Amino acid sequence: MGRRLFAPMLAAAALVCAGPARSALAQAEPGPSPSFETVVHGPKGPPRLPQGRATSRVGREELEERLPRSTPDALRYEPGVFVQQTGHGQASAYVRGRTGQQTVLLFDGVRLNTSTFRQGPNQYFFTVDARTVQSLEVLRGGASTLYGSDAIGGVLQANPIEPTLRAEDRGWRRVRPAAMLRYGSADGELGGRVQLDLQLGDRAAFVGGTGYRRVGALEGGGLLRSRSTGEPSLVPRLAEDGRTQLGTGFRELASDGRLAVRLGPTSRLVAALYDYRQFDAPRTDQCPPAYAPRSECLRYEEQYRTLGYLAYEGPFGRLAPRSRAVLSYQLQHERRAHERPYAFTVNGGRDDVHTLGLAAQLESRWFAVGPRLRARVRYGADLYHDWVASTAWTLFSDLDDRVIPSTRGQYLDGARYLWGGGFAQGELGVAERLWLRVGGRASGVAARASADRESGSRAVNRKFGSAVGHLGLEWQALYALALFVHVDRSFRAPNLDDLTSRQQTGPGFQLENPALDPEHALTVEAGLRLASRFVSAELWGYWTGLADTIERAPRSAASCPPSLPQCAASWSRFQLVNLDGWSHLAGAEAVLRVTLPFGFAVRTTLAYAVGEGPSPLGAASGSVPLSRVPPLNGTAELRYRHRVGLFGGAGLRWALAQSRLSLGDQQDVRIPAGGTPGFAVLELRAGYRFRRHLLVSLLLENLGDAVYRYHGSSVNGPGRSVTVNLEGRL
């Protein structure tokens, strides 16, 4: 994030820019940071994330220094973001205490959320290959006006590397191959990528590559114990050395290709295909489950995501000099195997979600509407259609591996989900000191699934409509100080996972509820941004009210259908319900940075959130904490960069203990009795870049060999370890 500073008076602050403050009317969309992978060229569509909001960005320099294990892992130093891990090959980012279904994931502006995103954390942002990412952006807070259903907690956007297109290069004269190699000692990670960046004449360029990674069992700092009882955590189970975590390790193969064709001075056509394949990734809290034999394991044998799209970027008539239209197709594929050797069975399942999407955004020029008044309009529409194929089976190893199909899969086979809407947002500037932003969206959702009598599954035929909007005010109070106030109303319609799924979750077995209603959120936030040449900071405070919040309510074994023996055998059972009354989330985030002499910079962040809502047991039980809201946490980074190519620094991540637990949290084996202990982890970084031809990066992680985990995770963090990354280009 550039050069940053620490200041105890503000305790941390939130995103900053090195350089003097600029008015919103004068701000250009930020360009790409220098990248080893490639240089971004070509026309831009509408701004990636809205102005006047709490946002942050991870550029290529940060990725090279932090050496994240995955795309979600790259967000651990961002304010208001807390990354949970259910498995070693999974990670889910909490934004302002919300994750999964309540955050929107984007790749190059294409929506990754599908109708099978589950309640709580999921693994899907992990399927974005970090080696194909140029930068990451985070929008914290409600954003359904622009991004539709699910954008209650925020938005995560991954921007891919672009092919280099230079007007001075013609023909086939510029061909640039590249190779990358990475090793990590904590889990024996060994992987790499080969890439080709080439220019095809003076109007077209292509970048593509393929990568492979093999990751072994993860070694942590040791045994994590309950902060209240001193008893060992039930998950993960450890090997005999007391450090190596069972249920970790995976393999992955990724490939991609991106072709950009320049149509004119300010327009281009992009055709892209990204394919990610993960193999043999255990779900750590179920491999083995608490109290079960060590031979039992729930494993994702296949976790695939294929995304292809065709995008036009450029002018669309005189009224929209900036526009972007995208036609996309995505396939999300999972194949699971729950091995139970003591029962001589393997419960298998396969789910495929096909998503066809069409989205368009257009933006007008600034135009005068009166003396010292200027305005512009951003508008668009989007439509996504999911269809689901789901099946399940049981293999009996004591009957010559006989396979008996189940009456239904995790979801109802053939289910459909249609989501679409249109939006408009206006921005009014007054004397280049005051900006008013107002927008609205109308959305419609339809969910359909056929009944399955043998399993006792009811048909689903639901339609939901919603109108949402936002109002924001930005005031440039001083040359280097801006103040913000923003009010947003967002929503999330129940998806097919809520309405039809039967699955094993962290707290227990979850049953479907086809009668759920949409949940809505009202967010009020205020912030200030200080931006000068050497010191910059942001501080935000927010309150979010959630109506009809969807939460897990406990159920007895008698509620389990006869066709689901794994439901009755679970330690606990849950069903999603709409809570009566309002739930509340409140918190603050801050980032502060300063650019120091001689190439040094310091940056620190701080985030706090607290949530409470009605009890799923009923009004008589009062209010209870919301599930898995992160504790007070923060980061600090010292960075050094020299013009000859040397760089280095240190990073500190910390969190206090979290003892505010919901009813589901108290029964979740991922959370030790009494809550998750606090931690502090220190790392050192070093590296060298020789022009564009060579990059060497080194990370020494967890120098104190601390035993720690992020709240709600099944996996403990790596122990003392080293990661080395080498990249070379001709």
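The values are calculated or read from the model by the stated rules, or taken from the named source; none is laboratory data. Quick caveat, the model's predicted, so the values are computed rather than measured. Don't worry about glycine lacking a Cβ; one is built from the backbone with ideal geometry, like all the others, and counts go over all protein chains shown. What goes into the accessible areas is simple: the full protein's heavy atoms, side chains included, and nothing from ligands, DNA or RNA. Shrake-Rupley method; radii C 1.70, N 1.55, O 1.52, S 1.80 Å.
Below are the figures for this structure:
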read-out	value
Length gained when the stretch Asp280-His693 is fully extended (0.36 nm per residue, less Cα-Cα span)	145.2 nm
Loop GluC sites (Glu not before Pro), the range 190-290, which have at most 10 other Cβ atoms in a 10 Å radius of their Cβ (DSSP)	Glu240
Net charge dipole size for the range 460-579 [Lys, Arg +1 and Asp, Glu -1 on Cβ; Debye, nearest 20]	220 debye
Under the Karplus curve 6.51 cos²θ - 1.76 cosθ + 1.60, θ = phi - 60°, whole-Hz ³J(HN,Hα) for the range 337-343, x wherever Gly or Pro sits	9, 9, 8, 10, x, 5, 9
DSSP-loop trypsin sites (Lys or Arg not before Pro) across the range 380-453, with at most 11 other Cβ within 10 angstrom	Arg453
³J(HN,Hα) computed for each position of the range 420-428 - Karplus, 6.51 cos²θ - 1.76 cosθ + 1.60, integer Hz, glycine/proline x	x, x, x, 9, 8, 9, x, 9, 10
Residues of the range 339-482: accessible area per residue with a 1.4 Å probe, Å²	51 Å²
Extension gain, Leu319 back to Arg166 (0.36 nm per residue minus Cα-Cα distance, nm)	52.2 nm
Local net charge near Ile404, Cβ-Cβ under 14 Å (Lys/Arg +1, Asp/Glu -1)	-2
Accessible heavy-atom area order of Phe491, Phe367, highest first, probe of 1.4 Å	Phe367, Phe491
Reference-scaled alpha-carbon Rg (2.2 N^0.38 Å with N residues) for the range 387-436	2.71
Over the range 557-691: Rg over Rh, Cα atoms, Kirkwood Rh	1.19
Shape metrics for the range 241-290, restricted to C-alpha atoms - Rg then Dmax, Å	20.6, 62
Surface/4 of the Cα convex hull for the range 336-449, nm²	11.3 nm²
Size of charge dipole - the chain - debye, nearest 20, with Cβ of Lys, Arg +1 and Asp, Glu -1, no other charges	2240 debye
Percent breakdown of C-alpha pair distances by 5 Å bin, ordered from the shortest bin, for the range 622-727	2, 12, 17, 16, 14, 11, 10, 8, 5, 3, 2, 0, 0
Long-range HN-HN contacts of Ser501 with modeled amide H, under 5 Å	Asn513
Estimated vicinal HN-Hα couplings, Hz - the range 152-164 in sequence order (Karplus 6.51, -1.76, 1.60; Gly, Pro = x)	8, x, x, 9, 10, 10, 9, 9, x, 5, 10, x, 8
Probe 1.4 Å - accessible area at Asp401, Å² to nearest ten	90 Å²
Rough spin-label spacing in nm, given labels placed 7 Å along Cα→Cβ, for His584 and Leu481	2.9 nm
Residues with amide H under 5 Å from that of Val624, placed H, sequence gap 5 or more	Gly613, Ser615
Estimated dipole of the range 388-448 in Debye, rounded to 20 [Cβ of Lys and Arg +1, of Asp and Glu -1, Cα centre]	440 debye
Descending Cα extents along the principal axes, the chain, whole Å	73, 56, 52
Ellipticity estimate at 222 nm from DSSP helix runs (n ≥ 4, -39,500 (n - 2.57)) divided over the chain, nearest 500	-500 deg cm²/dmol
Contour minus Cα-Cα distance for Thr210 and Leu726 (0.36 nm per residue)	184.2 nm
Probe 1.4 Å, all protein chains present, accessible-area order of Arg182, Arg225, Arg318, Arg603, largest first	Arg318, Arg225, Arg182, Arg603
Kirkwood-based shape ratio for the range 103-235, expressed as Rg/Rh from alpha carbons	1.11
Local electrostatic count, Val577, Cβ distance below 14 Å [Lys/Arg +1, Asp/Glu -1]	-4
Other-chain or far-sequence residues with amide H under 5 Å of Glu302's (modelled H)	Asp280, Arg335
Over the range 220-307 - Rg/Rh using Cα atoms and the Kirkwood inverse-distance radius	1.30
